[in-house]
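Notes follow once the structure below has been shown.
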Amino acid sequence: MPCDTKEPSSCPPTLPLRLLTLHDLPHGDGVSARSLQSLFREQQEYLNYFFTNLDYEQMESFVKACLACTGTIVCTGVGKSGFIAQKICQTLVSTGTKALYLSPTDALHGDIGILTAHDLLVCFSKSGGTDELLRLIPYAKAKGAKIVSVASISGCKMETVCDLSINLPLKRELCPFDLAPVTSTVIQMLFGDTVAIALMQAKHLTRDEYAMNHPAGRIGRRLILRVSDVMLSNGDIPIVSADTVVADALSELSSKGCGCVLIAGADLKLQGVFTDGDLRRALQTMGYSGNLMGTRVGDIMTTSPRTVLLSQKAAQAMDDMETSPKVAVLPVLDDQGRVSGLVTLHGLISAGL
């Protein structure tokens, strides 16, 4: 019970708090760097067995079947094999191959309706005797789909009822009881992901096409985003005419906070830029006289600034900014040389480039 008495003698002493360290944790008997190295080498041996005994003609037939599929590559499996099948589907989709995962249990209760005669159903099972898959296969055949068995036991039941069979050679599981699927799942993953890359190469998927499937990632943003997506435009652009006096140009520069002012004519054709660097150089030449504030900005502007086209990729604009001499802003022009916007280094970084 909590101590609520006011007499300190009746309360248990309060022990100081202390963070746990590695030495406080229980140690497993027999665990050492040497024993772990031995375990990893044993797994390596089993994976080498897989690579050495893999039938690449079977692999070729399967990849060609995937390429010939006019519908969807549908992967299915139960338990750990089901999770691997889901992951392989995700790899296929992200690398340009239409695929989806179908739970065999849900398929038998209505979800098989998604399967068509144009699809390729790929069944993952270590033993090739999984009841749920064996029950599903006849109904998938009735839908007209082509069925592929992917198993690690030659001559298994699933092989005999499928149109195409793939054997994934398995020496044994790393598990000391040869039960937990910790090696068979690895080779399933190796098989599926490598096939995905083979399909990617066969379809000549471009870097840009790959990026279209990964719009939220940095690679996708660098390959998809264009200058027009990240630039300042309309009223956010600091822009004045060449006849504007320095005092008014400074007001525009300060209010927009971009570090420069674009100088353009009535037709919006870029004539130059006025930056804080131009101001410092003018101060060194003219001093802090009233003449400077009344000087035409066109007389002291940079007349040949670096620019970027509206249609260029934002990543290219960032690369241009980082080319010596480095700049923090670039005027954006359309194909007629008219000002369309202003891209800033801060804006590019904020866009995740």
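Across 293, 301, 200, mean-square fluctuation computed from a Gaussian network of the chain (C-alpha pairs under 10 Å connected) peaks at 293. Going by the alpha-carbon gyration tensor, a ≥ b ≥ c the square roots of its eigenvalues, is the range 262-353 rounded (a/c under 1.5) or, if a/c is not under 1.5, prolate (a/b greater than b/c) versus oblate? Cα axes put the range 262-353 in the oblate bin. Take residue 335: with every protein chain present and a 1.4 Å probe, its accessible area is about 130 Å². Using only Cα atoms, locate the centre of the range 266-342 and the centre of the range 201-246, then give the distance between them in Å, rounded to an integer. Measuring centre to centre over Cα atoms gives 20 Å. Residue by residue, the range 122-137 carries 3J(HN,Hα) couplings of 10, 9, 9, 7, 4, 7, x, x, 5, 4, 4, 6, 5, 6, 6, 4 Hz when phi is fed to the Karplus relation 6.51 cos²θ - 1.76 cosθ + 1.60 (θ = phi - 60°); x denotes Gly or Pro. Could you give the angle, 0 to 90 degrees to the nearest 10, between helix 80-94's Cα long axis and the longest principal axis of the Cα atoms of the chain? Approximately 30 degrees, to the nearest 10.
Taken one residue at a time, the phi angles of the range 220-233 give Karplus couplings (6.51, -1.76, 1.60, θ = phi - 60°) of x, 5, 5, 8, 9, 5, 10, 3, 4, 7, 10, 7, 7, 9 Hz. Gly and Pro are set to x.
Per-residue ellipticity at 222 nm for the chain, helices alone: DSSP H runs ≥ 4 residues times -39500 (n - 2.57), over residue total, nearest 500 deg cm²/dmol? Spell out each step's value before the answer.
On the way: 15 runs with 146 residues, N = 353.
Using -39500 (n - 2.57) per qualifying helix, the result is -12000 deg cm²/dmol.
Candidate values [x] 1.63; [y] 1.07; [z] 0.98 were compared with Cα Rg over 2.2 N^0.38 Å computed on the shown model; the agreeing label is [x].
Amide hydrogen proximity for residue 166: with H placed 1.01 Å from N in the peptide plane, the residues at 5 or more positions away or on another chain lying under 5 Å are 149, 150, 151. Packing-based ranking of 42-51, 308-317, 74-83, 226-235 yields 74-83, 308-317, 226-235, 42-51, ordered from highest to lowest mean Cβ neighbour count within 10 Å.
Quantify, in whole percent, the carbon and sulfur part of the accessible surface of the chain (1.4 Å probe; protein heavy atoms only).
Values: 11290 of 20170 Å².
On the chain, the fraction of accessible area on carbon and sulfur atoms equals 56 percent.
Computed from backbone phi, the HN-Hα couplings of the range 187-204 come to 6, 4, 5, 4, 4, x, 5, 5, 4, 4, 5, 4, 5, 4, 5, 5, 8, 6 Hz, rounded to whole numbers (Karplus: 6.51 cos²θ - 1.76 cosθ + 1.60, θ = phi - 60°; Gly and Pro given as x).
Backbone amide hydrogens, once placed in the peptide plane, bring residue 341 within less than 5 Å of 332, excluding anything fewer than 5 places away on its chain. For the set 69, 89, solvent exposure ranked by accessible area (probe 1.4 Å, protein chains only) runs largest to smallest as 69, 89. Using modelled backbone amide H atoms (1.01 Å from N, in-plane), which distant-in-sequence or interchain residues come within less than 5 Å of residue 119's amide H? For residue 119, the qualifying residues are 72, 146.
The values are calculated or read from the model by the stated rules, or taken from the named source; none is laboratory data. Not measured: the values here are computed from a predicted model. With ideal geometry, Cβ positions are generated from the backbone for all residues, glycine too; neighbour counts draw on all protein chains shown. In case anyone asks, the SASA skips ligands and DNA or RNA and just uses the protein heavy atoms, side chains included. Shrake-Rupley method; radii C 1.70, N 1.55, O 1.52, S 1.80 Å.
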